[in-house]
Amino acid sequence: MSTDGESARKSWDKVESRSDRFHSAFELKMKLPWPGPMKDSARNRMAEFDAKKTQLTNELTPLVSNPGSPIGLLAVGVAWETMKKQAELLVGEITASPQAAGKNGLKVDDFWKGDAAKAYQAILPDRQAALVGLREAAGIMREVLEEARGAINNLFIKVVAGLAGAIIGIGVAIATAGPGAAAGVGVVALGAALSIILPAMIDIQETMRTLKAQIEKIPAFTEYERYPGGHWPTLAAS
C-alpha cells in the first residue's frame, strides 16, 4: 500500500470541512431547551473537541502544506545508484581487488612517457581512492534515500488512516442527537486520530535523525584526505 502528501492533504481538508459542519450542527442543538447543566457539560466537551482539533492542526499543517515527494526521493536515489555504477565502471575491478585499478592495471605507462606521464601515474592512487569513496558514498546515499522514502510513505499512510477514522467519527457526531453526546463522540474521534498520527510523527523524526547521522559518517564526506581541500585530486604543479 502506498499514499502521498496529496492524499493526506485531501483527508485533512475533509476533516476541516466536517468539523465546520459539526460546529454548526452543535450550535443548532444547543438552541433546544436542554437543562443548564447539560448545556454546560456539552460546552466543556466541545472545548475538548476544539483543543484536540487545534493539536491536530498544529501537527499536520506543516506536513500537508509542504508534503514533499517520496516518488521524488526515489528518483534521486536512482540517480545515486547510477553514479555508483559509473564509479564502479571507472574503477574497473576495484570491487574484487582495490589494487587492480592502480597505475599498472590501467597500463598508462605502456603508451605514455615523460614527465607528464610520470605525474599522471603518481596521481592515480589518489584518484583511485577518491573513486572508491565516491562509489561508497553513492551506494550509501541510495540506501538512505530509499529508507527515507519508505519512512515518509509510512507516515502518510498512518496520517490518512487516522484522518479517515476522524472523518467517520465526526460524521457520527453530527448525527448524534444530544449536544453533549455529540461532542463526546467528536472528542473520541479526534483522540483516536491523534493516537495514530502523533507516534508516526515521532517515528519519522527519529528516523530522519538516524539517516542524517548515517550521511554524516559516509567515508567520502569524512575522509578528507581523499579530497584535498574538498576537491577531486589534481596533478601537482611541475
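The values are calculated or read from the model by the stated rules, or taken from the named source; none is laboratory data. All of these numbers come straight from a predicted model, not from anything done at the bench. Neighbour counts run over all protein chains shown; Cβ positions are idealised from the backbone, glycine included.
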* Structure fact -> The number of residues in the range 172-194 that are touching a residue at least 60 places away in the same chain (Cβ under 8 Å) and of a type in the set (Val, Ile, Thr) is 2
* Residue satisfying all of: in the range 8-46; touching a Ser or Thr at 6+ places or on another chain (Cβ under 9 Å) and without any contact (Cβ under 8 Å) to a residue 60 or more places away in the chain; nearest to PHE156 (Cα to Cα) among these -> ARG9
* Of (1) at pLDDT 75 or above; (2) farther than 28 Å from GLN214 by Cβ, ALA137 satisfies all except one. Which? -> (2)
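Find the residue count for the range 161-177, including only residues that are in contact with a Phe, Trp or Tyr (Cβ under 8 Å, 6 or more places away or on another chain) and either modelled with pLDDT under 95 or closer than 12 Å to ALA42 by Cβ (or both). Walk me through how you get there before you give the answer.
Residues of the range 161-177 that are in contact with a Phe, Trp or Tyr (Cβ under 8 Å, 6 or more places away or on another chain), as a first pass: 163, 170, 173-174.
From the residues that got through so far, the ones that are either modelled with pLDDT under 95 or closer than 12 Å to ALA42 by Cβ (or both) too are 173.
So the count comes out to 1.
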* Evaluate the following for TRP12: is it surrounded by 14 or more Cβ atoms within 10 Å (Cβ to Cβ), in a loop (DSSP other than H, G, I, E, B) and either aromatic (Phe, Trp, Tyr) or modelled with pLDDT of 95 or more (or both)? => no
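Search the range 58-90 for residues being within 30 Å of ILE174 (Cβ to Cβ) and exposed (fewer than 14 other Cβ atoms within 10 Å of the Cβ), and hand back the single one that is modelled with the lowest pLDDT.
Step one: filter the range 58-90 for residues within 30 Å of ILE174 (Cβ to Cβ), giving 58-65, 67.
Add one more test, that the residue is exposed (fewer than 14 other Cβ atoms within 10 Å of the Cβ), and what stays is 58, 61-62, 65.
Values: ASN58: 94, THR61: 91, PRO62: 87, SER65: 82.
Residue satisfying both the conditions and the ranking: SER65.
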